[in-house]
Amino acid sequence: MTRTGERPAERVPVILESLGAGDFHLIDSGDGQKLEQYGPYRIIRPEAQALWRPSLAPHIWEKVDAVFTGDTDEEGTGRWRFPKAALGETWPLNLLGVDFLGRFTSFRHVGVFPEQIVHWSWMKEQVEKAGRPLKVLNLFGYTGVASLVAAAAGAEVTHVDASKKAIGWARENQALGRMEKLPIRWICEDAMKFILREERRGSQYDIILTDPPKFGRGPNGEVWHLFEHLPLMLDVCREILSPQAAGLVLTAYSIRASFYSIHELMRETMRSAGGAVESGELVIREAGLDGKTPGRALSTSLFSRWVPK
């Protein structure tokens with residue numbers, strides 16, 4: 001859609017930083033790897049942006065519970081090695097008061113992207129202060145931690161992901177936290193198909209979180225290419241935002257682009273909507289062995305967020 005009117009005000013660059021929360025913190029990083037604490041487990045995973053040398057001694061890096069080995073690309077597959085003892089596939093974790101399962105996957109992910117805590121905390125605050133049940137749409141919702149945070153705060157949540165496995169995991173997380181009665185719709189569908197149908201229906205949401213991959217496939221073979229489909233996706237999201245919307249949040253991982261590319265796209269998409277677009281990077285700050293000693297900042301992703309004020 002060709003949009004006219006003033007573009008929203010801008011706030012750039014914005015760096016949203018986490019030192020960790022709940023059962024997670026980044027201990028150290030370097031030599032293309034990161035050393036993380038997830039609940040009781042100390043884990044090593046590849047991290048291409050950790051160009052420096054580790055701060056902590058080698059013997060600390062050697063005392064880990066799990067190491068991911070294999071393809072270092074974000075979407076590459078590999079396997080986990082357990083130096084101390086064989087571990088189960090899942091283990092309980094907690095962030096922002098929500099219980100969920102960590103899981104050793106073949107794609108090196110463990111079921112949560114902790115840098116998103118800054119977005120989830122912002123969303124939780126919006127829901128709690130709204131004075132009415134906000135409607136939240138979580139696109140590419142993965143394992144549902146954000147959906148559970150929103151619902152626990154009082155929102156009515158629609159969670160969309162194309163992966164049946166991810167939806168099943170999200171339902172496991174809901175059951176783990178005894179949150180079955182919370183108002184969450186779990187929908188396994190291609191995200192673009194879903195929002196286009198919602199636009200035709202006239203559905204509206206107060207907060208939309210969208211966390212698209214660089215490349216993906218829907219349950220019926222639909223193909224998603226970030227650079228090709230993102231403009232249309234944001235445009236449709238604009239159409240299904242309610243007049244009293246609290247925000248539209250976009251996070252982009254593993255792309256060779258400046259945050260300005262999604263920042264300017266968001267500002268064009270939100271012409272005449274007022275408010276402001278704030279864009280930049282999500283970073284996690286090293287917190288040392290004790291989880292409280294600030295170290296270097298590790299960039300994880302780009303983001304752009306429209307807010308009404």
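The values are calculated or read from the model by the stated rules, or taken from the named source; none is laboratory data. Since the structure is predicted, the reported quantities are computational estimates derived from the model, not experimental observations. For neighbour counting, all protein chains shown are included, and Cβ atoms are generated from backbone atoms with ideal geometry for every residue, glycine included. The area values use the complete protein model at the heavy-atom level, side chains included, leaving out ligands, DNA and RNA. Shrake-Rupley method; radii C 1.70, N 1.55, O 1.52, S 1.80 Å.
What length, rounded to one decimal in nm, is gained on full extension from D31 through to S203, with 0.36 nm per residue of separation minus their alpha-carbon distance? Additional length available on full extension: 57.1 nm. If R₀ is 25 angstrom, what is the calculated FRET efficiency for the pair H229 and R171, using the beta carbon separation as r and rounding to 0.05? For H229 and R171, the calculated efficiency is 0.40.
Short-range pairs are left out: with C-alpha atoms under 8 Å and at least six residues apart, the relative contact order of the chain is 21 percent. For the chain, the orientation-averaged shadow of the C-alpha convex hull comes to 15.6 nm² (one quarter of the hull surface). Its residues counted as N, segment 1-67 yields a C-alpha radius of gyration over 2.2 N^0.38 Å of 1.71.
Within segment 157-309, DSSP assigns beta bridges of which about 65% are antiparallel (rounded to the nearest 5).
Against the main long axis of the alpha-carbon atoms of the chain, helix 191-201 sits at an angle near 20°.
Against the main long axis of the alpha-carbon atoms of the chain, helix 164-176 sits at an angle near 80°.
Which distance in Å, rounded to a whole number, links the C-alpha centroids of segment 176-242 and segment 250-283? With segment 176-242 and segment 250-283 each reduced to a Cα centre, they are spaced 18 Å.
Here the spin labels are modelled as points 7 Å beyond Cα on the Cα-Cβ line, and at A276 and H59 they lie 5.0 nm apart. For segment 215-270, the per residue solvent-accessible surface stands at 44 Å², with DNA, RNA and ligands left out and a 1.4 Å probe. Considering only Y205, I240, L226, the residue lying farthest towards the positive end of the dipole of segment 185-256 is L226, judged by Cα position with unit charges set on Cβ.
One chain, two ends: K164 and T69. Fully extended at 0.36 nm per residue, the span grows by 31.6 nm beyond their Cα-Cα distance. The H on the amide N of K34, modeled in the peptide plane, is under 5 Å from the matching H of R45, E47, each at least 5 residues off or on a different chain. Each residue of segment 122-128 was assigned a 3J(HN,Hα) from its phi angle through the Karplus curve 6.51 cos²θ - 1.76 cosθ + 1.60 (θ = phi - 60°); the sequence is 4, 4, 4, 5, 4, 5, 5 Hz, with glycine and proline shown as x.
Would you mind classifying segment 14-114 by shape? Square roots of the alpha carbon gyration tensor eigenvalues, ordered a ≥ b ≥ c; an a/c under 1.5 is rounded, otherwise it is prolate if a/b is larger than b/c and oblate if not. It comes out rounded by the Cα gyration axes. Judged by the gyration tensor of its Cα atoms, with axes a ≥ b ≥ c, segment 186-278 is oblate; a/c meets the 1.5 cut and b/c is at least as large as a/b. The label-point distance for K214 and A21, in a model that sets each label 7 Å from Cα toward Cβ, rounds to 2.7 nm.
For segment 117-189, the relative contact order comes to 31 percent (Cα pairs under 8 Å, sequence separation of at least 6). Could you please report the charge total around V157, scoring K, R as +1 and D, E as -1 over all other residues with beta-carbon less than 10 angstrom from its beta-carbon? That sum, taken over residues with Cβ under 10 Å, equals +1. Computed over the alpha-carbon atoms, segment 133-247 gives an Rg to Rh ratio of 0.95, Rh here being the Kirkwood radius from the mean inverse distance.
Taking the protein heavy atoms of segment 189-270 in the context of the full set of protein chains, the accessible area attributed to carbon and sulfur is 51 percent at 1.4 Å. Between the C-alpha center of segment 100-163 and that of segment 1-16 there is a gap of 24 Å. Considering only S29, S121, S163, the Gaussian network model of the chain with Cα springs below 10 Å gives its largest mean-square fluctuation to S121.
Helix 226-239 axis versus longest C-alpha principal axis of the chain: approximately 50°, rounded to the nearest ten. Checking the a/c ratio against 1.5 first, then a/b against b/c, what shape does the Cα gyration tensor give for segment 110-160? Oblate, because a/c is 1.5 or more while a/b does not exceed b/c.
Calculate what fraction, in whole %, of the accessible area of segment 1-43 sits on carbon and sulfur atoms when a 1.4 Å probe is rolled over the protein chains. Carbon-and-sulfur percentage of accessible area, whole number: 46. Within the listed set L26, L289, L139, the Gaussian network model of the chain (springs between alpha-carbon atoms below 10 Å) gives the highest mean-square fluctuation for L289. Among the GluC sites (Glu not before Pro) found in segment 49-144, those both in a DSSP coil and sparsely packed, with 11 or fewer other Cβ atoms within 10 Å of their Cβ, are E89. By DSSP, the beta bridges lying fully in the chain are antiparallel in about 60 percent of cases. The charge dipole of the chain, taken about the Cα centre with unit charges on the Cβ atoms of Lys, Arg (+1) and Asp, Glu (-1), comes to about 380 debye, rounded to the nearest 20.
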